Amino acid sequence: MKNEKDIGKQFWARSCFISVFVIGIFFVILLKLVEIQLMDVYNYRDLAESQAMKKNIIVPKRGIIFDRKNRIMANSSIGYSIGARYIDITNPDETFRQLGKYLNTPPSEIASIFKNKRKYYIMIKENFHGIRFEKKLNRVYPYEDTGGQVLGYVGWDNKGVTGIEKLFDESLQGVQGWEQVQYDRKGRRVSVSGLNGEAKKDGGNVFLTLDVDYQAILEEEIQKAVRDNGAHHGMGVLVNPNTGEILGMASWPNFNPNNAMAFPMENQKNRVISDSFEPGSVFKIVAAAAALETGVFNRQSLIYCEGGEWELLGRTIHDTKESEWLSFEDVIVHSSNIGIGKIAQQEGDEALYQMSKNLGFGEQTGLFPGMEVQGKLNPTSEWGKISSSQVAMGHYVTTTLLQLVMAYSAIANNGLLLQPFIVRSAYSPDRELLASGEIEVIRRAMSETTASTLRDILERTVAEGTGKNAYIKGYRVAGKTGTAQKVVDGTYSKKQYVS
């Protein structure tokens, strides 16, 4: 057996070992603390700051869109987003009951929205436990559906989807800013000066040539015409023929960009530039212009109109009014298919094709790049023996309403085809001028003499011809009527028309 002396020695040895071990651990910890405090202080400070710092994005205000009289057609306002996770709401029944009063929505519907993790937007002051409120910018269109198809709208990401909003999206959006924000350990924001950041740049503004008053009248008249005639849709455009400025542009049915998703996509289309159609008799003026330019006819030249029925290479062409001889002028005034068909045959394919090109058919106007169609004007190499007569009557060629209006504007403007424009000026977020609407002559489409003759003929058409419904006493009104059968499943319909 070990004596007490041996046991004491063992105890002393173990105690010394433990003491040395503890002291060693203490010195290791002490050295590490010294290293942290003196050697790695900057690394740990940066780590701590990075955990307490957050880079916040500052969203710029989207630019304003004005009409020609500087009335606001599109703006951005501060709204509030309200959202929650259902599991965070401690008293759902009471919360949804209170929210229902402000949202004018049944509590059961609100409960369903939150359960599906969807957001509901409302400006509200009261706070509810579990509900989070976030400030956001909402796009607002004060005139609601007036001009909606021209203005377009923005999506949930504040990016332009259609119209002017899309065309000038980059400049309207502005430039995001950012700020470095410091928070305390409880997540509260701490105001500290000298932190990094960059100021936001609000979007640049756009000034249009549209007039809200004209636009509203145009939309009202289109809606009335659609209703009175039982039509599927209608469209119209107001242009200053001397400058090319678009004063009004609309189609019906329309939509309200404040709530774009509530309307069918068809309503959002700007049909003035997106739809092409066979123009029918309104295209007769193109063949007439070509005939006058070539000198083959003058306004008093006589054309035999076959008593209202003409057999042309197996095709029968009819007139609504039976006539024997008509002057060149009366062919247009009374819209004779036979007369214009014979004029086109004599002037030749190339003359008709070239005048069509001169007046801008078969090419985009450039008003809304990437959003408009160019219509169809086939080269003469693809024409048949009677194609010129058919094209002269507005068949086998398609056009947008804007192309057609600009062609007629060339007649009003002494033969000059102008570039249409709808933006007076547009600015970048740095307030630099990006676009400026100016009178731009694309080309001379016809001589001044031809344009003057056609204006006289078109005035007679309204005063005593097929356009009598457009006559306004005390005003000089020039125009041409036109009706074309719609092509349905590859054949001309006998029930559907474009007029």
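Restrict the search to the range 349-413; then list the trypsin sites (Lys or Arg not before Pro) that DSSP places in a loop and that have at most 15 other Cβ atoms within 10 Å of their Cβ.
On the way: sites: Lys357, Lys376, Lys385; in loops: Lys385.
When the trypsin sites (Lys or Arg not before Pro) of the range 349-413 are filtered for loop state and at most 15 Cβ neighbours within 10 Å, Lys385 remain.
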inquiry  = I need the GluC sites (Glu not before Pro) found in the range 281-373, filtered to DSSP loop residues with at most 12 other beta carbons within 10 Å of theirs.
reply    = Glu322, Glu324, Glu363
Karplus (6.51, -1.76, 1.60) ³J(HN,Hα), θ = phi - 60°, over the range 401-409, in Hz, Gly and Pro reported as x = 5, 5, 4, 5, 5, 5, 5, 5, 5
task = Can you list which of the GluC sites (Glu not before Pro) found in the range 403-489 are DSSP loop residues with at most 11 other C-beta atoms within 10 Å?
result = Glu432, Glu438
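Beyond 28 Å between alpha-carbons counts as too far, so tell me which of Lys136/Lys201; Lys101/Lys200; Lys342/Lys376; Lys69/Lys269 fall in that bin. All intermediate terms of the calculation are to be shown ahead of the outcome.
Values: Lys136/Lys201 16 Å; Lys101/Lys200 37 Å; Lys342/Lys376 23 Å; Lys69/Lys269 25 Å.
From Lys136/Lys201; Lys101/Lys200; Lys342/Lys376; Lys69/Lys269, over 28 Å: Lys101/Lys200.
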request  = Mind listing the long-range amide H neighbours of Gly234? Cut-off is under 5 Å, sequence gap 5 or more, other chains count too, H placed in the peptide plane at 1.01 Å from N.
outcome  = Trp252
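If we count every other residue with Cβ under 13 angstrom of Gln149's Cβ, Lys/Arg +1 and Asp/Glu -1, where does the sum land?
Working: positive: Lys166, Lys269, Arg271; negative: Glu144, Asp145, Glu165, Glu219, Glu266, Asp275, Glu372.
Once all neighbours under 13 Å are counted, the net charge is -4.
Coordinate-derived values only; no laboratory data. Everything quoted here is computed from the prediction, not taken from an experiment. No Cβ is skipped: glycine too gets one built from the backbone with ideal geometry, and neighbour counts run over all protein chains shown.
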